[in-house]
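Trainee: I'd like to ask you about the structure that follows.
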Amino acid sequence: MANSYELSVEIDAAPEEVWAVIGNPVDLGWFDPVEAAHVEADVRYVKMGDGRNLVERLLERDEGRRYYSYTVIEGSRTKMLSHEASFEVQELDDGRSRVIWRTDAKPEDDSIDLESRIAPAQQKGLDNLALLFAAAENTG
């Protein structure tokens, strides 16, 4: 079981360009399960396509490192003791980017494997992000 894991994708764009998208906590169009989001102070309210409403607290943000983290406060399908996640954009040697999405969660029921439940949607989101930049490159 894995409730602490990371996923990544390499993107053919400069880290600053990628950070401009992934670092925006409201514009989550690259992540299919999200219908809409808005932020009030340090709280993000996320309307999911399945009708659920997530409430997340935005934690650490470091523009220089192109990094931010958040914790899910309520709205998870699974009862959680904790659920923290983060995004980081790293620069590769060739100037392209790697986006890392880390998740560290503790379900109330320790027999639950969250990675098997949510990582496929997260990876698809990261892949969508890469496609977004590939499409922009092909049209621009």
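What follows is calculated from the coordinates using simple rules that are stated; it is not laboratory data. Note that the structure is predicted; figures quoted are calculated from it, not measured. Note: ideal-geometry Cβ built from the backbone for every residue, glycine included; neighbour counts use all protein chains shown.
Trainee: Which distance in nm do the two modelled labels at Arg65 and Asp42 give, with both placed 7 Å along the Cα-to-Cβ direction?
Mentor: For the pair Arg65/Asp42, the computed spacing is 1.6 nm.
Trainee: Please compute the modelled spin-label separation between Val26 and Ala134, points set 7 Å along Cα→Cβ, answer in nm with one decimal.
Mentor: 3.0 nm
Trainee: Residues of region 34-65 with backbone nitrogen within less than 11 Å of a virtual label 7 Å along the Cα-to-Cβ line of Lys124, please, listed as ranges.
Mentor: 34
Trainee: Work out, step by step, the length gained on full extension between Lys106 and Asn53: first 0.36 nm times the residue separation, then minus their alpha carbon distance; give nm to one decimal.
Mentor: The span from Lys106 to Asn53 would gain 17.1 nm if fully extended.
Trainee: With everything on Cα atoms, drop me the angle between helix 114-139 and the longest principal axis of the chain, reported from 0 to 90° to the nearest 10.
Mentor: Long axis of 114-139 versus the principal axis of the chain: about 20 degrees.
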